[in-house]
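Engineer: My questions will all concern the structure given below.
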Amino acid sequence: MTNYEIWQAVLAEFELTLSKANFTTWFRNTGISSYDQGRILVCVPNTFTKSWLEKKYHTDLVNTIERVTGKPVKRVEYRVENIKNVTEKECITENAPAVFIQKQPAHRPAGPKNSLLLQFGLNPKYTFSSFIVGKENELAHAASQAVASKPGDTYNPLFIYGDVGLGKTHLLQAIGHAMLAKNPQTKILYVSSEKFTNEFVTAVKEGKAKEFKHRYRTVDLLLIDDIQFIGGKEQTQEEFFHTFNELHQQGRQVVMTSDRKPKAIPALEARLRSRFEWGMIADISVPNMETRSAILQAKCQEKGFSLSENLINIIAVTVESNVRELEGALNKIIAIHQLKNTSATEESVKEILVGFTAQHAKPKATPTKILDATSKYFELSKEDLLGKSREKKISYPRQVVMYLLRKELSLSFPAIGQELGGRDHTTAIHAYKKIVASVEENEKVQQDIERVTQEIYTV
C-alpha cells in the first residue's frame, strides 16, 4: 500500500466513528509525509491541528494504522508542513514528498460563471464545502444535499427553520451552487420574501403581472429566504400559493427558510401552511462548543490567521448565540491584531470579547418582564391580568403569565400565585397544566407562547 492508500483507509475508519464536524476539522488537509520501518510522520496544516491530534487522537491513530497495515507502529510524529499541489493529491514537504489527501475546493466559478452567480443572487462563499456540520444542523445539511442531488424529487418543498445567524441562508444558497455546478443551464432564483412581495406589488402597479409570473414560475429552483414575513399579507400569500403550486406540479424544487416552523408563522393561510409541510421540515439550533470550535478553526484557515487552541476555546466559550456573531467576534479579533501588527494573546482576546459580550448579552427574564410582555401582546393592562375578572379574553392571558413564570423562571406555584395578585397555588397549578396541554394540541396557543417569549427577551 502507498502512503496515500494507507491514509485513506485510516480516514475511512475515523469517518465512521466521528461527527462530521470533528472529522472535517481535525483530519481535513492531513496526510502521511513519510512511513519508514514503523516510524510515521503525519503532515498537518497548522499547530492547532497538531496539538489536537497529539492530545485527543494519538492512541486511536496508532491503533488504526496498525490495524490497516498489519504492522506494528513504533512512533507517530506530527509536523506542520507546507501543502502544495493539493488537487493532485500530492503533499510536498521540506523533507520528503508524499501522497496527500485531496482537499475539495469550494465551488467558486470564475469568469463568465460569476455573472451567472450575480444573476441568480448567490454568494460565492455559501457552499457546502464551507459549511461546518454539527449535530445541531446535520439533518438540515443532509436534506439540503439530498435536494441538490435530486431536485424536485426527494424533499419538495424543503423548509429549514431556526434563529438568526445559524446558517439557514448558507444552506439555501449552497443548494443553488451545487445545482449550478452540476448543470450550468439550471434556472435558479434566490430572493427574500420581502423582495418577492415588493416585486409583486410593483408588477401589479405597473401592469406587469404576466412578466412577474413568468419570472417566478419557470425556474428550476426557487429559493425563498425568511418566508415568515409573508404572514398577514393576503395578496402576497395568494400569489405565492399559485407560484408554489405551479412549480410543484412541474416537479421544480422549492426551498424556504424561516425563523420558526410553518405552524408557528402568524397569520399564515392554512393552505400555505399545509403545503410548507408537504416535504421535509428541518431545524437548525444553536451550535454546541465542539461545533463552534470547528467553525472558528475553519474561519481561521480561510482567513490565513493563526490562533492557538486555547484562544479558539476562549472565543467559543464566550460567544454562544449564533454563527454570525461568532464570526463577527473573530473578524474583530483579526482586524485589531492585524491593524496593530501584534500576535493574539489571551489577555488581548479577552479584552476584545468583553465589549462584544456586553453588546450581545441576552436579557434576563423577570416576573415584571413576563407580565409586561404578555399584557403588550394581548393588548391588555397589567391591572387586567392582576385583577379578578374571569372573562376568557383576560383569564387566558393570565394563564399564559403563570405558565411562563414556571417555564422561564422555575418559580414555585405558591410564588406564582403571589405574583398574580395573591392567588392560591392551586390556581397556578391548574393554569400551568392547562397551557401545557394546550401547547401540544393547539397551534394558536403555541404561537402565542412563542411570540410572548420573544417579546420577553427583546432588548
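Engineer: Can you check what the net charge comes to around residue 39, using other residues whose Cβ is under 14 Å from the Cβ of residue 39 (Lys, Arg +1; Asp, Glu -1)?
Structural biologist: Neighbour charge sum, excluding residue 39 itself: +1.
Engineer: Right, something else. By what distance, in whole Å, do the Cα atoms of region 289-360 stretch along each of the three principal axes, largest value first?
Structural biologist: 29, 26, 19
Engineer: Another question about this same structure. May I ask you to order 138-147, 274-283, 384-393 by the average number of other C-beta atoms within 10 Å around their residues, highest value first?
Structural biologist: Highest-to-lowest ranking by the protection proxy: 138-147, 274-283, 384-393.
Engineer: Which order results if 217, 271 are arranged by neighbouring Cβ count within 10 Å, fewest first?
Structural biologist: Sorted ascending by nearby Cβ count, the order is 271, 217.
Engineer: Also, I was wondering about something else. In degrees, nearest 10, range 0 to 90: what is the angle between the Cα axis of helix 392-409 and the longest Cα principal axis of the chain?
Structural biologist: Taking the Cα atoms of the chain, the angle to 392-409 is about 30 degrees.
Engineer: Which entry is the computed percent of Cα pairs over 29 Å apart for this structure: (1) 68; (2) 64; (3) 61?
Structural biologist: Correct label, based on the coordinates given: (3).
Engineer: Among rounded, prolate and oblate, which fits region 367-456 when a ≥ b ≥ c are the square roots of the eigenvalues of its C-alpha gyration tensor, a/c under 1.5 means rounded, and a/b larger than b/c means prolate?
Structural biologist: Taking the square roots of the gyration eigenvalues as a ≥ b ≥ c, region 367-456 is rounded.
Engineer: Tilt of helix 193-205 relative to the longest C-alpha principal axis of the chain, in degrees (0 to 90, nearest 10)?
Structural biologist: 60 degrees
Engineer: If r is the Cβ-Cβ distance from residue 71 to residue 18 and R0 is 22 Å, what FRET efficiency results, to the nearest 0.05?
Structural biologist: Calculated value: 0.35.
Engineer: What is the helix-to-structure angle for 168-182, meaning the angle in degrees between its Cα long axis and the longest Cα principal axis of the chain, kept from 0 to 90 and rounded to the nearest 10?
Structural biologist: Result, in degrees: 50.
Engineer: So in the chain, what percent of DSSP beta bridges are antiparallel if you round to the nearest 5?
Structural biologist: Counting DSSP beta bridges with both partners in the chain, the antiparallel share is about 25 percent.
Engineer: Right, something else. Where does each of 374, 243, 17 land when they are ranked from fewest to most other beta-carbon atoms within 10 angstrom?
Structural biologist: Ordered from fewest to most neighbouring Cβ atoms within 10 Å, 374, 243, 17 come out as 17, 243, 374.
Engineer: Under the classification rounded if a/c is under 1.5, otherwise prolate if a/b is larger than b/c and oblate if not, where does region 113-219 fall, given a ≥ b ≥ c as square roots of the Cα gyration tensor eigenvalues?
Structural biologist: Cα axes put region 113-219 in the prolate bin.
Engineer: For the chain, what relative contact order do you get, as a whole percent, if you take Cα pairs closer than 8 Å and at least 6 residues apart?
Structural biologist: 12 percent
Engineer: Which lysines have a Cα less than 26 Å from the Cα of residue 433, not counting those fewer than 8 places away in the same chain?
Structural biologist: 261, 263, 364, 369, 376, 382, 388, 392, 393, 407, 444
Engineer: What number comes out for the charge environment of residue 264, summing +1 per Lys or Arg and -1 per Asp or Glu over other residues with Cβ under 13 Å away?
Structural biologist: Neighbour charge sum, excluding residue 264 itself: -1.
Engineer: Work through the residues other than residue 198 whose Cβ is under 14 Å from its Cβ and net out their charges, Lys, Arg +1 and Asp, Glu -1.
Structural biologist: Summing Lys and Arg as +1 and Asp and Glu as -1 gives -1.
Engineer: Packing-wise, with mean Cβ within 10 Å as the measure, how do 428-438, 340-350 rank, highest first?
Structural biologist: The densest-packed peptide leads the list: 428-438, 340-350.
FYI, it's all coordinate maths here, none of it is from the lab. Just so we're clear, the structure is a prediction, and the values are computed from it rather than from any experiment. So basically every Cβ, Gly included, is an ideal-geometry build from the backbone, and we count neighbours across all protein chains shown.
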